[in-house]
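The values are calculated or read from the model by the stated rules, or taken from the named source; none is laboratory data. Computed from a predicted model, the values in this text were never measured in an experiment. Note that we place each Cβ from the backbone using ideal geometry, even for glycine, and neighbour counts take in every protein chain shown. The area values use the complete protein model at the heavy-atom level, side chains included, leaving out ligands, DNA and RNA. Shrake-Rupley method; radii C 1.70, N 1.55, O 1.52, S 1.80 Å.
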Amino acid sequence: MRVLIIGSGIAGLSAALEARAAGHRVILATRGALGGGSTPRAQGGIAAVLPGTGDSVDAHVADTLRAGAGHGDAGAVRLLCGAAEGAIAALEHAGTRFDRAAGGERARGREAAHSAARILHAGGDRTGAEISRALCAAVRAAEIDVREDHFLAELLGAGGRVRGAEFWRGTGREEIFADAVILATGGAGALYAYSTTDTLATGDGVAAAARAGAALADIEFYQFHPTALARPGSFLISEAVRGEGALLRDRSGRRFLTAVHPDAELAPRDVVARAIAATMARDGGRPVDLDARHLGAERLAARFPGITRELADRGLDWSRECIPVAPAAHYWMGGIETDIRGRSTLPGLYAIGEAARTGVHGANRLASNSLLEAVVFARQAVAALTAPGPWRQGHGTHPEPPLPLESAPAPAPAPAYSRSALQGLCWEHLGLRRDRAGLDRTERILRGWIRDAPSPPRGIAAAEDQNLRELALAITRAARARASSLGAHERADDPRSSPSPRPVHQLGATA
Ligand SMILES: Cc1cc2nc3c(=O)[nH]c(=O)nc-3n(C[C@H](O)[C@H](O)[C@H](O)COP(=O)(O)OP(=O)(O)OC[C@H]3O[C@@H](n4cnc5c(N)ncnc54)[C@H](O)[C@@H]3O)c2cc1C
């Protein structure tokens, strides 16, 4: 079978290796160079229950469903957690070197909302970079047709099936046809003014799939990481830092999370992010402090060499001073709706990794489950290529019908479009707290921008803008349809929500 895989993060690379091993002819097309996306940025690690550790798959399932606010699909979650050992074996087979403890066994860290230390890591806090390095080398060594600098513009269909995709390469265009297309193009962090992803996370695959008619699901659930460095040139300060014992303090040095959740700094991400945002709002936008001083310089440098170096590059020494942190957009729980075999609602189209909504993350992803999901569902999708069955086999139900993208005319006038205006709008109204009035205003503005944009877009930047506008509109509608708060989706106008003020964000502010 000829298989076209689009995107070369952990999901696309894993699927390419798996498909090649299964004997398929594999084309791996990706924008930029092989191995981009969020994957190389991943710090903390990959969650996995391994035999002989005293941990259990049942506990990992329970933690995942609890963090996801009960919105996850239990079947998909059980599959995810139960397949972790095989996923780790596949990564190691491809050459990934996980860190080892003194006794030679794989080192295991603890992260927020996990009931056990089950996070495997590599290079201390450079897990994603190590996985990406190993998988890219394995892909280059395999008989895989790698096409770099291929920007996915649209999916191509015929006879009711997805048959390939159109790519842009500079000013040129290329169509690639295949028996099956696996989308692995990652998330859409570029929607938001503050994000831990790179600026190329523009949701292109999700938008193209939606335009082709694929259902999206759970797109209102966007996760905000609690602790990005609150300085220009911001980057993520991993959850594993709190797992090692770092504390969060307000401007008076008080630990504010002990009053919010029994797990305090290790509460689920949405809880911590909202508590930080509320504290910042009370303190006039001043970031909160991450206090890791008691961990000591030696331990910080050994366990978190990448973060220590990034901080030092910015003149910060976290063994001696508190670090200013604030929430930032981090991970999209929603995406292209798939069953547990990675199949979208369109025949011939599969989606894996962050681009997909498999149902494992529910309303709020448990830390370190996304690298695992990418590998597990890449393997599922490849297995499904030759073993088709009824869509949604073993899958849970979805409370809402999927929302199609629309671009109906909107009442003018709208403020002028720019990428940063869109990011500011999304941060303000599709961020940590949403309300009906803000969502209505956002929809009006987005509809105006969509109506006025040149169509079809000319050039890659214009195509990214189109994708961002369409996805923002789809998220707005999904967020409006969900009138009550759940997980990462907090409706300020839900009477059951806490009366905390709208978050204020000043990434440039200093501690
Ligand atoms: C700072 C940071 C830290 C993280 N830490 C962790 C962690 O410790 N543990 C964990 O489990 N998760 C972590 N995550 C989340 C995790 O890294 C991602 O969810 C995961 O890597 C996504 O993998 P992916 O293969 O789906 O997408 P990505 O890695 O984002 O890859 C997407 C690929 O698609 C390509 N692409 C995009 N658009 C197009 C287009 N139009 N045409 C062609 N190709 C395209 C990109 O170039 C890239 O190759 C972290 C995320 C960030 C941002």
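For the reader, a short list of remarks on this structure follows.
- DSSP H segments from the chain that extend 27 Å or more along their own axis, Cα-based, with Kyte-Doolittle mean of 1.6 or above: none
- Proportion of all alpha-carbon pairs of the range 225-329 beyond 17 Å (%): 46
- Rounded to the nearest whole angstrom, the semi-axes of the ellipsoid equivalent to the chain, taken from the Cα gyration tensor as √(5λ), stand at 32, 29, 21, largest first.
- Extension gain, Ala116 back to Ala387 (0.36 nm per residue minus Cα-Cα distance, nm): 94.0 nm
- Rounded to the nearest 20 debye, dipole of the chain from Cβ charges on Lys, Arg, Asp, Glu: 420
- Separation between Cα centres of the range 16-69 and the range 207-222, rounded to whole Å: 21
- Sites Ala301 and Arg161, calculated FRET efficiency, Cβ-Cβ separation with R0 56 Å, nearest 0.05: 0.60
- Gain on full stretching of the segment that runs from Leu50 to Ala21 - 0.36 nm per residue minus C-alpha separation: 8.0 nm
- Point-to-point label distance, Ala137-Arg2, nm (Cα→Cβ direction, 7 Å offset): 3.3
- Eigenvalues of the alpha-carbon gyration tensor of the range 141-283, scaled by 5 and square-rooted, set the equivalent ellipsoid semi-axes at 42, 16, 14 angstrom, largest first.
- The gain in end-to-end length when the Arg255 to Ala481 segment is fully stretched comes to 77.8 nm, 0.36 nm per residue minus the alpha carbon separation.
- From helices alone, the chain scores -10000 deg cm²/dmol at 222 nm; the rule is -39500 (n - 2.57) for each run of n ≥ 4 DSSP H residues, then divide by the residue total.
- Split the accessible area of the chain by element, probe 1.4 Å, and carbon with sulfur accounts for 51%.
- Residues of the chain: accessible area per residue with a 1.4 Å probe, Å²: 36
- Magnitude of the charge dipole, the range 225-329, Cβ model with Lys/Arg +1 and Asp/Glu -1, debye to 20: 200
- Measuring only protein heavy atoms, the 1.4 Å probe finds His261 accessible over about 40 Å².
- When only alpha carbons are used to place a centre, the range 149-187 and the range 412-475 end up 25 Å from one another.
- Accessible surface, 1.4 Å probe, highest first, among residues Thr197, Thr53: Thr53, Thr197
- Stokes-Einstein D for the range 55-103, Kirkwood Rh over Cα pairs, 10 °C, 1.306 mPa s (µm²/s): 129
- Rg(Cα) / (2.2 N^0.38 Å) computed for the range 419-481, rounded to two decimals: 1.09
- Positive minus negative residues near Gly348 (Lys, Arg vs Asp, Glu; Cβ under 13 Å): +3
- Counted over the range 81-220 with a bin width of 10 Å, the fraction of Cα pairs per bin, in whole percents, is 9, 26, 33, 23, 8, 1.
- Neighbour-limited loop hits for trypsin sites (Lys or Arg not before Pro), the range 425-461 (at most 11 other Cβ within 10 Å; DSSP other than H, G, I, E, B): Arg458
- At 0.890 mPa s and 25 °C, Stokes diffusion of the range 257-386 via Kirkwood alpha-carbon radius, µm² per second: 139
- Debye-sum result for the range 1-74 in log10 I(q)/I(0), which assumes one identical scatterer on each alpha carbon, at q = 0.21 Å⁻¹: -0.93
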